[in-house]
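Structure, as structure tokens:
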Amino acid sequence: MTEHDEQPGEQAGEQAEHEPLTVTYERLRHSESPEELGEFARRPLPDRNDAAAFSRATALLEAVAGNHHTALDDRVYLARTMPFPNVLVKLSEDPDSAVRKAVAENTNDKNWLVGRLTKDDDDDVRAAALANPRTSWKMRMEGAEDERNGAEVLERLSRFGVDDDKTGPEVLTAMIRRAVALNPNTDEETLDRLADDPDIQVRHAVERRRGSGR
């Protein structure tokens, strides 16, 4: 490939190396070129030991992540792979639920960020966030109480504290299971299991739920 055959994204990448950070950031933030934005999205990060270059690269990724002209595949890629809060915050506000779901599944999320996504309007985003190990017990409790969540999500939450791979503080996990038992979206199979729960408050919640006819 000759100098005249370079692709737009490659030309932009070379240009960016010689621009002040603020200039490149603003150009990427307002760019309408998916090719230019995609080149930055997929570019390997500099070595962390080169602090200046690394900081510059992560700042530019924030501009790319927040630009909706960045191709959907590139936004999802960033949402799945980035560990940087500034980038993930931008992507957590993306209008496409596929991007927000990828953020919700990212185990590099900060606790407060995945917590925001447990309240997302999209069912799949909430489900992914509630399954993220970064999710706090308070978030899981609120998810168990949320009547927007369906039977599958509630079934998963009902296993905290009783399944070997979903351990946690006994009092807190029992509170989550109790909330699941009281949620009208919990199916009969899950209720049958919770009716034999080791915690008496969970068993009483099942009785209350069935007694109410909900």
Item to check | Selected residue [under 28 Å from Phe84 (Cα atoms) and surrounded by 15 or more Cβ atoms within 10 Å (Cβ to Cβ)] from Ala128, Ala144 | outcome: Ala128
Next on the checklist: Being open to solvent by 20 Å² or more (accessible area, probe 1.4 Å), β-branched (Val, Ile, Thr) and under 17 Å from the mean Cα position of the chain (by Cα) is the requirement here; does Val89 meet it?
Outcome noted: yes
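Each row is one residue, and each column tells you yes or no for (1) open to solvent by 50 Å² or more (accessible area, probe 1.4 Å); (2) assigned by the TED database to the domain that holds Pro34; (3) within 20 Å of Arg43 (Cβ to Cβ); (4) at pLDDT 95 or above.
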site: His69; (1), (2), (3), (4): yes, yes, yes, yes
site: Asp74; (1), (2), (3), (4): no, yes, yes, yes
site: Tyr77; (1), (2), (3), (4): yes, yes, yes, yes
site: Glu93; (1), (2), (3), (4): yes, yes, no, yes
site: Ala98; (1), (2), (3), (4): no, yes, no, yes
site: Lys101; (1), (2), (3), (4): yes, yes, no, yes
Checklist entry - What single numbered condition from (1) at pLDDT below 95; (2) in the same structural domain as Ser158 (by the TED database) fails to hold for Met141? => result (1)
Checklist entry - Looking only at the stretch 41-54, which residues are open to solvent by 70 Å² or more (accessible area, probe 1.4 Å), more than 18 Å from Asp94 (Cβ to Cβ) and not in a loop (DSSP other than H, G, I, E, B)? => result Ala52
Checklist entry - In the stretch 82-103, what residues are of a type in the set (Val, Ile, Thr) and closer than 19 Å to Pro133 by Cβ? => result Val103
Item to check | Residues that are among the polar types (S, T, N, Q) and farther than 24 Å from Gly115 by Cβ, drawn from the stretch 41-92 | outcome: Asn49, Ser55, Asn67, Thr70
Checklist entry - Going through the stretch 149-171 one residue at a time, which ones are under 18 Å from Met139 (Cβ atoms), surrounded by 16 or more Cβ atoms within 10 Å (Cβ to Cβ) and not charged (D, E, K, R)? => result Asn149, Val153, Leu154, Leu157, Ser158, Phe160, Gly161
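The values are calculated or read from the model by the stated rules, or taken from the named source; none is laboratory data. Source: prediction; values computed, not measured. Here the Cβ is made from the backbone with ideal geometry for all residues, glycine too, and neighbour counts use every protein chain on show. Side chains are part of the model used for accessible areas, which takes the heavy atoms of the whole protein and leaves out ligands, DNA and RNA. Shrake-Rupley method; radii C 1.70, N 1.55, O 1.52, S 1.80 Å.
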